[in-house]
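Trainee: Input: one structure, supplied below.
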Amino acid sequence: MITVDQAQALCLDLVTPMGVETVELSQAATRVLAQDVRARRDQPPFSASAMDGYAIAEADAVQGRQLDLIGEAAAGHGWDGTLQPGQTVRIFTGAPVPEGAQRVVIQENTTADGPRITLSEPISDNLNIRPQGADFTTDFTLQAPRRLTAPDVALLAAMNTPEVAVSRAPKVALISTGDELLMPGGDPSPDQIIASNVFALHAMLTGAGAIPNILPIAPDTPEALDEVLSQAEDWGADIVVTIGGASVGDHDLVAPALDRFGVTRSFHKIAMRPGKPLMAGAKGDVAFLGLPGNPVSAVVCGHLFLLPMVRRALGLTDVLPRAVTARLKAALSKGGPRAHYMRARFEEGADSRTVKAFDKQDSSMLTVLSDANCLLLRPIDDAPKAAGDAVTILPL
Ligand code: AMP
Ligand code: MG
């Protein structure tokens with residue numbers, strides 16, 4: 001059986017980066033920037049006042065100096081002229097600093113007597129001017145790839161960019177398989193359960209920037225699987241995810257169905273807990289991922305394999321789940337022959353991060369997964385661990 005690292009690399013190999021589309025800035029946050037954007041202007045585009053006050057020449061920066069008020073500069077309406085020593089211009093925040101002025105004295109530090117302004121307080125070290133280009137200049141570039149944040153789109157706006165090129169979102173078909181499954185809100189017979197993990201995967205995919213689509217549940221017959229795989233293809237899925245039916249039981253029909261569908265298998269089964277029956281493959285540009293049906297297994301494999309595939313499809317480079325170190329709150333016995341991704345909770349202390357694995361590690365238990373905020377990684381054949389030992393966790 002291959003390792004998780006090997007399987008992740010093989011999964012990423014199956015993904016073709018998406019094309020590019022242009023979106024308006026108001027639609028750009030959370031999308032992945034696909035092309036570098038160069039600033040079209042300096043920001044600020046002129047030396048601007050940072051305060052309300054009086055623009056003065058540096059030679060006049062003397063406490064007690066009296067100046068002649070000769071004009072006004074407001075945001076959007078600069079004062080056209082050149083200030084001479086002995087003169088001052090009333091200026092407001094965001095207004096261009098007039099030619100001849102090198103400093104703004106805040107109005108609280110002045111007294112006005114008609115057109116005579118006195119610098120009544122000690123002169124401060126602060127010039128109260130934002131120099132032209134202090135934020136960015138025209139050689140500034142916001143570099144792709146990058147998942148755009150709210151501040152990023154404000155920055156792009158200030159750069160005078162009305163729309164940006166972003167990676168097209170990959171379409172991900174989600175196919176639940178199993179005679180026992182029913183959608184939430186249905187009327188289950190005594191033998192049935194509700195299809196649940198597909199909703200976690202849907203939410204995870206949406207958060208990662210994909211377009212998920214929950215297709216009809218495929219009962220455990222070859223015909224039903226063939227039919228829903230065709231639906232995924234007709235919809236134009238970039239990634240097709242099946243859930244369940246991945247092991248080698250009599251009712252585990254996914255591997256043969258993918259073979260019939262023309263999927264070239266990349267691997268089937270990995271040295272991992274939960275998630276051993278994972279499989280992956282491709283048909284042309286379309287990637288296929290066969291997740292185990294147990295809810296926790298499906299979600300853990302979603303984090304470890306599916307989301308990295310989506311990130312790669314979006315053109316991102318740092319695609320694997322973030323791993324950090326934490327100190328164990330309680331001892332753990334020796335690890336097994338498969339890497340174990342235990343459901344756990346970590347806490348950020350003042351100077352340390354601690355983690356505790358849940359006692360219940362059954363891969364069908366959603367309440368435990370819902371309480372977890374991380375996966376605690378036990379590598380293959382991990383030695384026993386004592387409280388206080390460092391372990392690797394993957395925040396969820
Ligand atoms: P399978 O991989 O099909 O053998 O399924 C393993 C376990 O997961 C069985 O108990 C299934 O009933 C359950 N299961 C399969 N698919 C889902 C699903 N979409 N939602 C919740 N449980 C599921
Ligand atoms: Mg099944």
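Trainee: Within the stretch 104-140, can you find the residues that are on the phi > 0 side of the Ramachandran plot, out of contact with any Lys or Arg (no Cβ under 8 Å at 6 or more places or on another chain) and open to solvent by less than 40 Å² (accessible area, probe 1.4 Å)?
Mentor: Scanning the stretch 104-140 gives a single hit, GLY133.
Trainee: Looking at (1) within 16 Å of ligand 2 (Cβ to nearest atom); (2) farther than 26 Å from VAL32 by Cβ; (3) of a type outside the set (Phe, Trp, Tyr), which is the one condition that is false for GLY185?
Mentor: (1)
Trainee: Which ones in the stretch 53-109 are of a type in the set (D, E, K, R), under 47 Å from the mean Cα position of the chain (by Cα) and over 14 Å from ASN128 (Cβ atoms)?
Mentor: Across the stretch 53-109, the qualifying residues are GLU72, ASP80, GLU99.
Trainee: If we keep just the residues of the stretch 71-86 that are in contact (Cβ under 8 Å) with a residue 24 or more places away in the chain and outside any loop (DSSP other than H, G, I, E, B), which is nearest to LEU127 (Cα to Cα)?
Mentor: ALA73
Trainee: Next question. Tell me, please, whether a residue that is open to solvent by 50 Å² or more (accessible area, probe 1.4 Å), in a loop (DSSP other than H, G, I, E, B) and under 22 Å from LEU156 (Cβ atoms) can be found in the stretch 44-60.
Mentor: Checking the stretch 44-60: at least one residue is open to solvent by 50 Å² or more (accessible area, probe 1.4 Å), in a loop (DSSP other than H, G, I, E, B) and under 22 Å from LEU156 (Cβ atoms).
Trainee: Does LEU155 satisfy being part of a helix (DSSP H, G or I), away from ligand 2 (no atom under 16 Å from the Cβ) and within 22 Å of VAL300 (Cα to Cα)?
Mentor: No, not satisfied.
Trainee: Under the condition of being surrounded by fewer than 23 Cβ atoms within 10 Å (Cβ to Cβ) and within 34 Å of the chain's Cα centre (by Cα), which residue from the stretch 239-256 is nearest to ligand 2 (Cβ to nearest atom)?
Mentor: Once the filter is applied, the top-ranked residue is SER247.
Trainee: Follow-up question, since we're still on this one. Hey, among VAL37, VAL15, which residue is farther than 26 Å from GLY284 by Cβ and surrounded by 14 or more Cβ atoms within 10 Å (Cβ to Cβ)?
Mentor: The unique qualifying residue is VAL37.
Trainee: Test of understanding: among ARG345, ARG327, which residue is among the basic types (Lys, Arg), without any contact (Cβ under 8 Å) to a residue 40 or more places away in the chain and either open to solvent by 20 Å² or more (accessible area, probe 1.4 Å) or assigned to a strand (DSSP E or B) (or both)?
Mentor: Testing whether each residue is among the basic types (Lys, Arg), without any contact (Cβ under 8 Å) to a residue 40 or more places away in the chain and either open to solvent by 20 Å² or more (accessible area, probe 1.4 Å) or assigned to a strand (DSSP E or B) (or both) leaves just ARG345.
The values are calculated or read from the model by the stated rules, or taken from the named source; none is laboratory data. This is a predicted model, so every value here is computed, not measured. Here the Cβ is made from the backbone with ideal geometry for all residues, glycine too, and neighbour counts use every protein chain on show. Each accessible area value is taken on the protein alone, full model and side chains, heavy atoms only, with ligands, DNA and RNA left out. Shrake-Rupley method; radii C 1.70, N 1.55, O 1.52, S 1.80 Å.
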